[in-house]
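The values are calculated or read from the model by the stated rules, or taken from the named source; none is laboratory data. Owing to the predicted nature of the structure, the values given are computational and were not obtained by experimental measurement. As a convention, Cβ positions derive from the backbone with ideal geometry for all residues, glycine included, and neighbour counts pool all protein chains shown. Heavy atoms of the whole protein, side chains included, go into the accessibility calculation; ligands, DNA and RNA do not. Shrake-Rupley method; radii C 1.70, N 1.55, O 1.52, S 1.80 Å.
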Amino acid sequence: MGTWNSRGLRGSTLEDFINRTNERYLAQNLALIQKIPTPITPVRMDKEHRQITLAYFDQRSTVDYIGAVQGIPVCFDAKECRTDTFPLHNIHAHQIHFMENFEKQEGIAFFIIYYSTRNELYYMRFEEIKRFWDRGQNGGRKSVRIEELDPVFFMSLKNGVFVPYLDMLQRDLDLRDLRSSSDSSPVRKES
């Protein structure tokens with residue numbers, strides 16, 4: 001199992017932003033999203049400061065957040081990236097598997113990627129990350145360049161901490177509805 005040491009929690013800035021956003025969405029009765037804690041077993045403690053300095057993970061985590069938005073099951077993971085290229089090794093096979101099963105149960109799965117040097121956020125739909133993931137698993141590029149991303153799914157932080165992912169979720173749902181209606185449209189037969 002992996003270990004955590006006192007260098008801290010990478011990604012905590014983004015998680016702080018998302019946690020504040022989730023509190024706001026709850027207060028507005030828009031969504032109920034919970035942070036899923038990663039279970040750890042402490043190995044070494046700094047008793048003077050009452051801090052864990054070394055621990056191991058009890059089990060693999062699936063996603064960072066799970067909940068419901070207006071009756072729609074939602075799960076997502078938050079990732080930070082300092083460069084314009086997002087390495088796929090930041091995502092684990094068990095996360096892809098969980099999200100794929102979540103989507104099969106008619107839930108919506110996605111990633112929120114924070115490009116910290118650009119101060120930009122990206123809502124990466126599961127369908128999109130799965131395509132990049134499969135490409136990497138089949139010998140292709142094992143990272144995602146920012147130029148490969150759909151420009152309509154970029155977000156900006158609002159008020160310095162608010163992550164407006166519900167706007168992107170609505171865009172995702174609209175896109176799914178559009179595809180669904182075009183898949184079910186009758187096919188014309190030529191005479």
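State which residue is nearest to residue 140 (Cα to Cα) when the search covers only the stretch 84-124 and only residues that are open to solvent by less than 10 Å² (accessible area, probe 1.4 Å) and part of a loop (DSSP other than H, G, I, E, B). Of everything passing the filter in the stretch 84-124, 91 is nearest to residue 140 (Cα to Cα). Restricting the stretch 125-170 to residues that are touching a Leu at 6+ places or on another chain (Cβ under 9 Å), in a loop (DSSP other than H, G, I, E, B) and open to solvent by less than 20 Å² (accessible area, probe 1.4 Å), the residue that is farthest from residue 81 (Cα to Cα) is 164.
In the stretch 79-118, which residue that is modelled with pLDDT of 95 or more and small (Gly, Ala, Ser) is farthest from residue 17 (Cα to Cα)? Among those that are modelled with pLDDT of 95 or more and small (Gly, Ala, Ser), it is 107. Among residues of the stretch 11-23 that are under 18 Å from residue 86 (Cβ atoms), those with a beta-carbon under 9 Å from a residue that is assigned to a helix (DSSP H, G or I) and open to solvent by less than 70 Å² (accessible area, probe 1.4 Å) at least six positions away or on a different chain give the pairs 18/165.
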